[in-house]
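Got a structure here, written out as structure tokens. Questions coming.
The values are calculated or read from the model by the stated rules, or taken from the named source; none is laboratory data. Since the model is a prediction, treat every value here as computed from it, not as a measurement. Backbone-built Cβ (ideal geometry, glycine too); neighbour counts: all protein chains shown. For the accessible areas, the whole protein counts, side chains as well, though only heavy atoms, and no ligand, DNA or RNA atoms are used. Shrake-Rupley method; radii C 1.70, N 1.55, O 1.52, S 1.80 Å.
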Amino acid sequence: MTTRAEFMERVRREMARTRGLFPARVAERPADPMTAAELVRRQLAERWPQALERFRQEFERLSGVFHAVASPSEVPAVVGRIARERSARRLITWSASALGADLGEGFRGEGLDAVAMPDDPVDEAAARELRAINAAAEIGITGADLAIGETGTLVLVSGRGRPRSTSLLPEYHFAVFDRRALVETLEQAGVMLEAWHADPADPMSGGVINFITGPSRTADIELTLTRGVHGPREVHAIFVSR
Amino acid sequence: MAPAKPALERSGPHLREEDTLLSAPVESRSFPERAAGATRDRFLQQALTIATTRFVASRDEVFAAFPQGDALRDRARQIKEAVLQRLDHYLEQLTANVERAGGHVHFATTAEEARAIILDIARRNQVKLIVKGKSMAAEEIHLNEALEHAGMAVAETDLGEYIIQLAHERPSHIIAPAIHKTKAQIADLFARELRREVAADPEVITRLARGTLREKFLQADMGITGANFAVADTGTIVLVTNEGNGRMVTSLPRVHVALMGVEKVIPSMTDLVIFLQILARSATGQKLSSYTTLVRGPRRPTELEGPQELHLVLMDNGRVRQLAGTLREALYCLRCGACLNVCPVYRQIGGHAYGDTYPGPIGILMTAMLRGTPAVKDLAHASSLCGACAEVCPVRIDIPRMLIELREHLDREKIAPWPERLLFKACGWLLGRPALYRLAAPLARLGQAPFVRDGRIRSLPSFFGRWTRTRDLPAVAARTFGERWAALAREA
């Protein structure tokens, strides 16, 4: 087996035989990602209505469904209406602390079987049970850490109370966010990514960050666009204005 | 660690004909035979025309509405070159950061070594069922056959790849692996494999695949993916998919193995965002694919799910020696497939005719990289050198230049057949002697006289007939440009 040292030695040996094709530089990164991110946030404090409008347009172009509500307490009614139209009942949601609001009662009030993901790790038996619940769920409720106007993309970071699969296994995914998540461009999202990773201990720096741009789709059979291959066939964005 | 057995020594009841492909080329038919077969396949011709036309139109449309696209492509090209100039540094940094995040990094010089590493990880974890995301690198090393031979079940989960796997075939397009099959053929295939009635409707077939593969995702012990990028600064593996299978594979099984060529490493998240802006646009005409998944290390202590083990396999397999080789620029490739869709040769013959893992213009270069120049002695000529590939390439890889260099090499190393070499030699000799060259036109007019009809040569005798069998040649003009120019100069 090749060791790391042998492998790198070979790379260096071959590199030494050429100066490359032309002088080239990598992308210039923000010198201080935290300050750069703060600057983006400050710009968006004023420009968020434009960013939101752009997001809505792009998101709808992807066949996403956009909703706006005044407060988190109105979220369950939106979800409940869609669920009834789709004959769906089983709902899983990020934890109350991850969502920033406890909507469990609200969902149950809409006649939905709502299960919130726990904040803390659970034992193996409970994990198996949760997985069965997740696999059978029809509706998944998450937050969104970024909503990118330019592309209609929702960015979700996994972590405490925010499992990777809540936005993946159910057929209908609802992402709830407010103006703090809005950015206009992918480039600004790049600044946020740099900032999240500036401190390795930052919970926003991992395990998995998903950029979700519309529903799960394929065109693998005769190039016919089909939605909901493995992930959700519908994605709903709920903007909370307060 | 037990090395994988060479392909030809293997035997067993589940061995299929294509199992002998581990190190051999895909087919015994020659490239001209495969290409001729493809041009006679009427469905394939139709499918290729529809698919490539649609991909090209979507790509052109999305770039037309993206004025900064050209500048971003220049930057992306620079980043790829800059990474290769400090490849050791970025690989060391990537390794350190993957390990810091709790992952393991392995180094594979050859395809055989990569297979052995992955087999060993699977054995140590007593893996029975593996779910795979779409990965050209895994195709390249024929990983499935090796895992299946070791008694493990492997499920491809990209719908196109799943279809190809059920049919025991190979992908015919980098991003649309099953474009050569009709929905009726796919419905029949599913009916046979799943033993039930299946309507020839993409929606119905997709629902069925969702259900079948969902079970596998939930049961699988191990997930295998490729990597579209790996970010050195953070140790992040980046997967770009539309279906969500890449997310399933990295969320549900307890072990995740990512296999990548060394050239996929990029410096930072800022670089990543530049590539993301041009990758999906070039591949499918989307602004972004449905899912871009950034994976950093195994499951965190605060997480309920995600793999407990994460392994990254860094693979050389012929790439590293090209750092100073003629194919260096091919190491920029993002595997978007844009060069396939615009290639007049690919559009006629499709992916299988190329006879190896990577089809199309970039595929010829990849085949030369993986298997050596002699493997492309026919393929190197499967290009009109029109330059359409270089024009659409998101990182502006000069594919025609490298094809010409390959042809030169084949000639110099006497790999090309002698009549071809003799012809090139004669042409070169003549072109270097202007006085003789001027004499050549009147001589050619004499020589061509018996064969010219309506200004074209449609059939030539003996060896030269191989050219005119599938195309014609314009006849040497009654007065060449050189002759007219000389006459004009005299008048003036």
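In terms of modelled amide H atoms, which long-range or inter-chain residues lie less than 5 Å from the amide H of B:Thr236?
Hits under the 5 Å cutoff: B:Val231.
Sticking with this one: How big is D, in µm² s⁻¹, for the stretch B:345-468 by Stokes-Einstein at 10 °C and 1.306 mPa s if Rh is the Kirkwood radius over C-alpha pairs?
94
If you average the sequence gap of Cα pairs under 8 Å that are 6 or more apart and divide by the length of the stretch B:296-405, what percent do you get for the contact order?
Value for the stretch B:296-405: 26 percent.
Please compute, for peptide A:12-24, the average count of beta-carbon atoms on other protein chains lying within 10 Å of each residue's beta-carbon.
That works out to 6 on average.
Separate question: Which whole number gives the average, over all residues in B:169-179, of C-beta atoms from other chains lying within 10 Å of the residue C-beta?
Details: counts 0, 0, 0, 0, 1, 0, 2, 6, 1, 3, 5.
Mean inter-chain Cβ contacts per residue within 10 Å come to 2.
Return the residues of the stretch B:72-97 for which accessible area with all protein chains present is lower than in the chain on its own by 50 Å² or more; set the probe to 1.4 Å and exclude ligands, DNA and RNA.
Listed by number, the residues meeting the 50 Å² cut-off are B:Gln78, B:Gln85, B:Asp88, B:Glu92.
Do me a favour and compute the ellipsoid semi-axes for the stretch B:112-223 from its Cα gyration tensor, root of five times each eigenvalue, largest one first, whole Å.
Gyration-tensor ellipsoid for the stretch B:112-223: 26, 16, 11 Å.
About the Cα centre of the stretch B:430-491, how large is the charge dipole given +1 on each Lys and Arg Cβ and -1 on each Asp and Glu Cβ? Please answer in debye to the nearest 20.
Details: 12 positive and 4 negative charges, 33 e Å.
Magnitude of the dipole: close to 160 debye.
Straight-line reach from B:Lys287: which lysines have Cα under 30 Å away, leaving out those fewer than 8 places along the same chain?
Straight-line reach from B:Lys287, under 30 Å: B:Lys80, B:Lys132, B:Lys134, B:Lys181, B:Lys183, B:Lys264.
Given a cut-off of under 8 Å on Cα pairs at least six residues apart, what relative contact order in percent is computed for chain B? Display every interim value, and only then the final one.
On the way: 773 pairs, mean separation 88.0, N = 492.
So the answer I get is 18 percent.
Also, I was wondering about something else. Can you give the relative contact order of the stretch B:390-492 as a percent, counting alpha carbon pairs under 8 Å and 6+ residues apart?
On the way: 49 pairs, mean separation 15.6, N = 103.
It rounds to 15 percent for the stretch B:390-492.
In nanometres, what is the gap between the two model label sites at B:Ala489 and B:Thr182, each 7 Å from Cα along Cα-to-Cβ?
6.1
Please report, for the Cα atoms of the stretch B:329-412, the Rg to one decimal and the Dmax as a whole number; what are they, in angstrom?
Rg and Dmax of the stretch B:329-412, Cα atoms, are 11.4, 33 Å.
Rolling a 1.4 angstrom probe over the protein chains, ignoring ligands and nucleic acids, what is the accessible area of A:Met204 in square angstrom, nearest 10?
That residue has around 40 Å² of solvent-accessible surface.
What's the Kirkwood radius of the stretch B:314-354 in Å, using all Cα pairs?
Radius from the Kirkwood sum: 12.1 Å.
A further question on this structure: Tell me, what is the FRET efficiency for A:Asp199 and B:Gln68 to the nearest 0.05, using R0 = 35 angstrom and their Cβ-Cβ distance as r?
Rounded to the nearest 0.05, the efficiency is 0.70.
Here is a follow-up. Taking 0.36 nm per residue of separation and subtracting the Cα-Cα distance, what length does fully extending B:Asp41 through B:Arg421 add?
Stretched out fully, the B:Asp41 to B:Arg421 stretch lengthens by 133.5 nm.
List the residues whose amide H sits under 5 Å from the amide H of B:Thr225, counting only those 5 or more places along or on another chain, with H placed 1.01 Å from N in the peptide plane.
Counting only residues 5 or more places away or on other chains, the set is B:Gly133, B:Val257, B:Ala258, B:Leu259.
On the protein heavy atoms, probe 1.4 angstrom, tell me the percent of accessible surface of chain A carried by carbon and sulfur.
That share works out to 50 percent.
Read phi for every residue in the stretch B:218-224 and hand back ³J(HN,Hα) as whole Hz from Karplus 6.51 cos²θ - 1.76 cosθ + 1.60, θ = phi - 60°, with x for Gly and Pro.
6, 8, 4, 8, 9, x, 10
In the stretch B:356-447, which GluC sites (Glu not before Pro) fall in coil by DSSP and have 13 or fewer other Cβ atoms within 10 Å?
Here the GluC sites (Glu not before Pro) that fit, given the DSSP loop and packing criteria, are B:Glu413.
Largest first and in whole Å, what are the equivalent-ellipsoid semi-axes of the protein assembly as shown based on the Cα gyration tensor, each being the root of 5 times an eigenvalue?
49, 28, 26
Based on the mean of other Cβ atoms within 10 Å per residue, sort peptides A:42-51, A:6-15 so the most packed one is first.
Result, highest mean Cβ count within 10 Å first: A:6-15, A:42-51.
One-quarter of the Cα convex hull surface for the stretch A:119-184, in nm²?
Mean projected area for the stretch A:119-184: 4.8 nm², to one decimal.
Suppose every K and R has +1 on its Cβ and every D and E has -1 on its Cβ; what is the size of the dipole of the protein assembly as shown about the Cα centre, in Debye to the nearest 20?
In debye, rounded to 20, the protein assembly as shown gives about 2480.
If you count, for each residue, the other Cβ atoms within 10 Å and average over each peptide, how do B:34-41, B:130-137 line up from highest to lowest?
The packing order, highest mean first, is B:130-137, B:34-41.
Ignoring ligands, DNA and RNA and using a 1.4 Å probe, state the total buried accessible area between B and A in Å², rounded to the nearest 100.
Numbers: alone 24320 and 14720 Å², together 31000 Å².
That pair of chains buries around 8000 Å² in total.
Then there's this: Shape call for the stretch B:30-315 from the C-alpha gyration tensor, a ≥ b ≥ c root eigenvalues: rounded (a/c under 1.5), prolate (a/b greater than b/c) or oblate?
Cα axes put the stretch B:30-315 in the oblate bin.
Once you order the gyration tensor axes a ≥ b ≥ c over the Cα atoms, which shape class does the stretch A:113-242 get: rounded for a/c under 1.5, otherwise prolate or oblate by comparing a/b with b/c?
The shape class here is oblate.
Select from the stretch B:394-431 those trypsin sites (Lys or Arg not before Pro) which occupy a DSSP coil region and have at most 16 other Cβ atoms within 10 Å, ordered by residue number.
B:Lys414
Now a separate question. Radius of gyration and Dmax for the stretch A:50-95's Cα atoms, expressed in Å?
12.8, 35
What does the accessible area of B:Ser383 come to, in Å² to the nearest 10, when a probe of 1.4 Å is used?
30
Pop out the ³J(HN,Hα) list for the stretch B:161-168 in order, Karplus 6.51 cos²θ - 1.76 cosθ + 1.60 with θ = phi - 60°, rounded to Hz; leave Gly and Pro as x.
5, 4, 4, 4, 5, 4, 8, 6
Here's a follow-up. Choose one of A:Ala125, A:Leu156, A:Ala114: the residue whose Cα lies farthest towards the positive end of the charge dipole of chain A (beta-carbon charges +1 Lys, Arg; -1 Asp, Glu; about the Cα centre).
A:Leu156
Using the alpha-carbon atoms, what tilt in degrees (0 to 90, nearest 10) does helix A:4-15 show relative to the longest principal axis of chain A?
For helix A:4-15, the angle is close to 60 degrees.
Pop a pseudo-label 7 angstrom from the Cα along the beta-carbon direction at both B:Glu203 and A:Asp113 and give the gap in nm to one decimal.
With each label point 7 Å from Cα toward Cβ, the separation is 2.7 nm.
Within 10 Å of each Cβ of B:372-385, how many other protein chain Cβ atoms are there on average?
On the way: counts 0, 0, 0, 0, 0, 0, 0, 0, 0, 0, 0, 0, 0, 0.
Per residue, the average neighbour count from other chains is 0.
Show which lysines lie in cross-link reach of B:Lys128 when reach means a straight Cα distance below 21 angstrom and same-chain residues fewer than eight apart are skipped.
By straight Cα distance, B:Lys128 reaches B:Lys5, B:Lys216.
Extent of chain A along each principal axis, from alpha carbon coordinates, in Å, largest to smallest?
If we take the Cα atoms of chain A, the spans are 69, 50, 45 Å.
Distance from a point 7 Å along Cα→Cβ of B:Leu129 to each backbone N in the stretch A:154-172: keep the residues under 19 Å and list them by number.
A:165, A:169-170
Per residue of the stretch B:468-485, in order, report the coupling 6.51 cos²θ - 1.76 cosθ + 1.60 (Karplus, θ = phi - 60°) as ³J(HN,Hα) in whole Hz, putting x for Gly and Pro.
Each residue of the stretch B:468-485 in turn: 7, 4, 10, 7, 10, 10, x, 6, 5, 5, 4, 10, 6, 4, x, 5, 5, 4 Hz.
With axes computed from alpha carbons, what is the tilt in degrees of helix A:75-86 against the longest principal axis of chain A, rounded to the nearest 10 within 0 to 90?
80
Taking Rh as the Kirkwood radius, which is the inverse of the mean 1/r over Cα pairs, what is the Rg/Rh value for the stretch B:438-492? Show your work: numbers first, answer last.
Working: Rg = 13.8 Å, Rh = 12.5 Å.
Dividing the radius of gyration by the Kirkwood radius yields 1.10.
I've got another one for you. Enumerate by residue number the GluC sites (Glu not before Pro) in the stretch A:117-202 meeting two conditions: DSSP loop (anything except H, G, I, E, B), and at most 15 other Cβ atoms within 10 Å of the site's Cβ.
none
Tilt of helix B:111-124 relative to the longest C-alpha principal axis of chain B, in degrees (0 to 90, nearest 10)?
Relative to chain B, helix B:111-124 is tipped by roughly 10 degrees.
So, one more: Could you pull out every Cys in chain B that lacks a partner Cys with its beta carbon under 4.7 Å away?
Those would be B:Cys333, B:Cys336, B:Cys343, B:Cys386, B:Cys393, B:Cys427, since no other cysteine Cβ in chain B comes under 4.7 Å of theirs.
Checking the cross-link filter: which lysines have an alpha carbon closer than 21 Å to that of B:Lys377, excluding same-chain neighbours under 8 positions apart?
Candidates past the 8-residue exclusion: B:Lys414, B:Lys425.
Once you treat every alpha carbon in chain B as an equal point and sum by Debye, what is log10 I(q)/I(0) at q = 0.11, 0.12, 0.14 Å⁻¹?
Taking Cα atoms of chain B as identical point scatterers yields -0.97, -1.13, -1.50.
At what distance in nm do the modelled label points of B:Phe481 and B:Arg196 sit from each other, each positioned 7 Å from its Cα along Cα→Cβ?
Each label point is offset 7 Å from its Cα along the Cβ direction, giving 6.6 nm.
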